[in-house]
1. If one computes P(r) from the Cα atoms of the range 176-279, what percent of pairs lie at distances over 16 Å?
2. Rounded to the nearest whole Å², what accessible area per residue is found for the chain with the 1.4 Å probe?
3. Assuming R0 = 22 Å, can you tell me the calculated FRET efficiency for the pair residue 258 and residue 153, based on Cβ-Cβ distance, to the nearest 0.05?
4. Add -39500 (n - 2.57) for each DSSP H run of 4 or more in the chain, then divide by its residues: what number comes out at 222 nm, to the nearest 500 deg cm²/dmol?
5. Can you say what percent of the DSSP beta bridges in the range 34-164, counting only those with both residues inside, are antiparallel? Round to 5.
6. Evaluated at 4 °C with a viscosity of 1.567 mPa s, what Stokes-Einstein diffusion coefficient in µm²/s does the range 80-158 have when Rh comes from the Kirkwood expression over alpha-carbon pairs?
7. What would the Debye equation give as log₁₀ I(q)/I(0) for the range 239-334 at q = 0.16, 0.19 Å⁻¹, counting only Cα atoms as equal point scatterers?
8. Which length gain, in nm to one decimal place, applies between residue 196 and residue 334 when the Cα-Cα distance is subtracted from 0.36 nm times their residue separation?
Amino acid sequence: MYILGIESSCDETAVSVVEDGRKILSNVIYSSVEEHGLYGGVVPEIASRRHIDAISEVCQKALDDANLKIDDIEAIACTHAPGLIGALLVGINFAKGLAYASGKALVPTHHLRGHIAALYLTYPDLKPPFLCLVASGGHSHLVAVDDYTKFRVLGKTIDDAAGERFDKVSRTLGLGYPGGPAIAKAALNGDKNKYKLPTPHTENRYDVSFSGLKTAVINIYNSDNMKGVRTDKNSLRASFQEKIAQILSDNTARAAKEYGFDKVAVAGGVSANLRLRELIEEKIGKDRKFYAPQLSLCGDNGAMIARQGYYEYINGTRAGLDLNGLPVLPIDFE
Ligand code: KG4
Ligand code: ZN
């Protein structure tokens with residue numbers, strides 16, 4: 001069974017064909033990231049326009065690379081939430097037109113569920129239940145994955161997402177967008193213990209907060225500037241990355257132990273961060289198994305949507321041609 005997965009929730013226009021929910025036959029990704037880099041972050045209007053430019057060609061290439069025609073496809077899965085609404089609507093509308101013209105089923109698929117499904121593509125033997133930290137540009141959630149389409153949110157960020165923080169701090173300290181990879185690279189040349197940064201407090205013990213961390217970084221930088229002192233930027237970047245990784249890994253490991261999960265995973269764009277992976281694996285201990293998506297599937301892609309779309313499809317999820325996008329939708333929606 002071939003599922004076509006369409007993703008357009010942010011700045012990647014991505015289409016993939018996945019066979020039987022397991023084998024990636026094609027995975028085409030067009031990104032407008034460089035253009036957004038000129039503005040220091042994603043400009044929603046530009047993202048939408050680039051999706052419109054690219055989507056037909058990206059979809060055709062995904063079918064060509066898989067050596068298939070649209071008639072061979074069983075169902076069309078598309079990200080319908082959450083994300084930038086104008087960007088989402090391009091992918092949704094394209095998927096609707098394709099479903100209408102070809103008579104195929106249309107399967108709405110949640111973006112963060114897709115990020116989790118990238119784990120199944122990386123580890124064919126991985127099965128729920130497991131605990132997953134989902135950290136991306138817009139979200140930082142600690143999720144109990146009870147089944148392929150059943151989720152419980154145990155905790156989340158009470159202010160900014162981890163990826164968003166990486167992007168903002170990167171900009172403040174003079175590096176571009178996206179900030180995560182830029183900070184991770186710069187941190188290799190810095191001392192992660194040089195700057196002491198605060199651990200923000202939250203009421204729910206599985207929630208996290210990052211806004212105080214950003215303020216602390218900005219204060220250090222500004223006060224150095226005022227005193228005419230040169231900030232050791234790479235060490236400040238390294239200290240910031242270390243703090244975020246410590247906060248997220250502490251939280252994940254605590255939940256794993258208290259809820260009794262023996263499998264612990266990380267997913268989403270921020271899961272490409274090697275220090276975060278290292279710390280989670282270390283803190284959960286040898287009795288628990290750690291999973292992270294292969295690096296090429298951490299960022300947004302169509303294969304993760306096709307893979308999750310497969311589970312949604314066999315679970316009976318279908319959308320009509322009135323399907324709309326939602327900028328916000330909890331991962332555990334019914
Ligand atoms: O999942 P994703 O590709 O898009 C969204 O759904 O938002 O995540 C993008 C986010 C960006 O904020 C980017 O800076 C961050 O993931 N990111 C990283 C790394 N690679 C990407 N953050 C930390 N370390 C990385 N190596
Ligand atoms: Zn994403």
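The values are calculated or read from the model by the stated rules, or taken from the named source; none is laboratory data. All figures in this text were calculated on a predicted structure; none of them were measured in a lab. Counting neighbours? That spans all protein chains shown, and the Cβs are built from the backbone with ideal geometry, glycine included. Ligands, DNA and RNA are excluded from the accessible area calculation, which covers all protein heavy atoms including side chains. Shrake-Rupley method; radii C 1.70, N 1.55, O 1.52, S 1.80 Å.
1. In whole percent, the long-distance tail amounts to 62.
2. Ligands and nucleic acids excluded, the figure is 43 Å² per residue.
3. The pair residue 258/residue 153 has a calculated efficiency of 0.90.
4. -14000 deg cm²/dmol
5. 65
6. 91
7. For the range 239-334 at q = 0.16, 0.19 Å⁻¹, log10 I(q)/I(0) is -0.85, -1.04.
8. 45.4 nm
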